[in-house]
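Just below is one structure, and these are the notes that go with it.
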2 protein chains.
Amino acid sequence: MTTYPGDRPGPPEPRWLSDDEQRTWQAYLHATTLLEDHLDRQLQRDAGMPHVYYGLLVQLSEAPEKRLRMTELAEGAKITRSRLSHAVARLEKNGWVRREECPSDKRGQLAVLTEEGEAMLTRSAPGHVAAVRQALFDRLTPEQTESLGAIMAIVAEGLQPSGSGADLPWRR
Amino acid sequence: MTTYPGDRPGPPEPRWLSDDEQRTWQAYLHATTLLEDHLDRQLQRDAGMPHVYYGLLVQLSEAPEKRLRMTELAEGAKITRSRLSHAVARLEKNGWVRREECPSDKRGQLAVLTEEGEAMLTRSAPGHVAAVRQALFDRLTPEQTESLGAIMAIVAEGLQPSGSGADLPWRR
DNA sequence: GCCGTTTTGTTCAACTTTCAAGGAGAGTTC
DNA sequence: GAACTCTCCTTGAAAGTTGAACAAAACGGC
């Protein structure tokens, strides 16, 4: 039985989390699962769909012509194309989204927000914003909001499928 | 057509998110979905289970006697009892958890971490910690870590099924 | 043009999560 | 101790997600 650290290649000593980090991680997990859950229920109740689906509609509503290529939509929502296919199929069945062929690329599909979809969004947006506000922003100081934004931007940046070149040896 | 705000009951003017808040919210959504996804894949690959399930094993491993009542486990993980039932069934099938009757309450069940479960945990913990570290803590300053912890604690507190008395008129 | 590669979006099967319903024991009241 | 109510946990079906496999179109030499 040899003792780490420091001799030979062998498995590197894992650097555990400090107490502070553990507490932060725990709080992070609790907060994120509770919040996602909360919003899922809120939207399922008031809009008849889960939070992710709602996000798709929002994204479409902000897009030029209220339409986006499937891949763009998936990337914007940070979900897989497969998941999006199912989601759009469901939203289509609800009449909130319609598919159109992409004129420039015959492989492509455009997801288009319908009138009904827009109406549904207008109807449920206030309640949803209120829920987000009540769970998050109303409880934070402006400094905390600012800080949270910065932190989350860093984390997202680091996990981006493309932009994560920092510590990946095979990328330049 | 009357104009809000301020006359009569009517639907209250929704208070929209400021630009800062919108950016923060967007970053939050991106970061949390990317991170959860990332960890899910990491654990699915290295431990053969999703992140939530892994969390259950961790919780058991830290409990006295390496066992917990189903309800306690569910509360600790912030998931429903139903979800836990299914999860434990699956983990049991893998041999990582075993169920035992609760001596003091015949309705109760204890989830117990098995030897194999503990072994699996020991085997996969280093990789998982590394993943968390790489995605989160290695990118934050100590002040940011501290700040994130505080913020998440506030949010979790506010959504706690029980402790959320702050703005609920029907409590007290 | 032709061939190999890449991109796009869908589909299938396996798995996970949700929601409503329900059985069984514990607690409470009279 | 009977009748109510509540808590504990499970179940089954429906909804959602995942990962691998796939067809079709686009791209990139050569």
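The values are calculated or read from the model by the stated rules, or taken from the named source; none is laboratory data. Every value quoted in this text rests on a predicted model; they were computed, and no experiment measured them. Cβ: placed from backbone, ideal geometry, glycine included. Neighbour counts: every protein chain shown. Keep in mind that these areas ignore ligands, DNA and RNA; they rest on the heavy atoms of the full protein, side chains included. Shrake-Rupley method; radii C 1.70, N 1.55, O 1.52, S 1.80 Å.
The table below lists the values:
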| item | result |
| --- | --- |
| Table column - 3J(HN,Hα) (Hz), the range A:84-93, Karplus curve with 6.51, -1.76, 1.60, x for Gly and Pro | 5, 3, 4, 4, 5, 4, 5, 5, 5, 4 |
| Cα→Cβ-extended label distance, 7 Å offset, between A:D46 and A:D20, nm | 3.8 |
| Loop-located trypsin sites (Lys or Arg not before Pro) in the range B:68-152, at most 16 other Cβ atoms within 10 Å (DSSP) | B:K106, B:R107 |
| Nearest 10 degrees, 0 to 90: helix A:142-159 Cα axis against chain A principal axis | 80 |
| Kirkwood Rh in Å, taken over all unlike Cα pairs in the range B:1-129 | 17.6 |
| Ascending list, in nanometres, of distances separating the B:R81 label from those of the other copies (7 Å, Cα toward Cβ) | 4.4 |
| Angle in degrees between helix B:19-47 and the longest Cα principal axis of chain B, rounded to the nearest 10 | 10 |
| Shortest-first nm distances, B:D37 label point to equivalent points in other copies (7 Å, Cα→Cβ) | 2.3 |
| Label 7 Å beyond Cα on the Cβ vector: A:N94 copy-to-copy distances, nm | 3.2 |
| 5 angstrom amide H check on B:V97, placed H, neighbours 5+ away | B:E92, B:T114 |
| Accessible area per residue, Å², the range A:47-152 with all protein chains present, probe 1.4 Å | 50 |
| Helix axis angle, A:115-135 relative to chain A longest principal axis, alpha carbon, degrees | 40 |
| Dimensionless Rg/Rh of the protein assembly as shown - Kirkwood Rh, Rg from C-alpha atoms | 1.00 |
| GluC sites (Glu not before Pro) restricted to the range B:87-151 and DSSP loop, no more than 14 other C-beta within 10 Å | none |
| Residue range of chain A that is longest and free of chymotrypsin sites (Phe, Trp or Tyr not before Pro) which are both DSSP loop and sparsely packed (at most 15 other C-beta within 10 Å) | A:17-169 |
| Positive-end residue, the protein assembly as shown charge dipole about Cα centroid, Cβ charges, pick of A:W25, A:A125, B:L148 | A:A125 |
| Out-of-range pairs (alpha-carbon distance over 27 Å; input A:K93/B:K78; A:K78/A:K106; A:K93/B:K93; A:K78/B:K66) | A:K93/B:K78; A:K93/B:K93; A:K78/B:K66 |
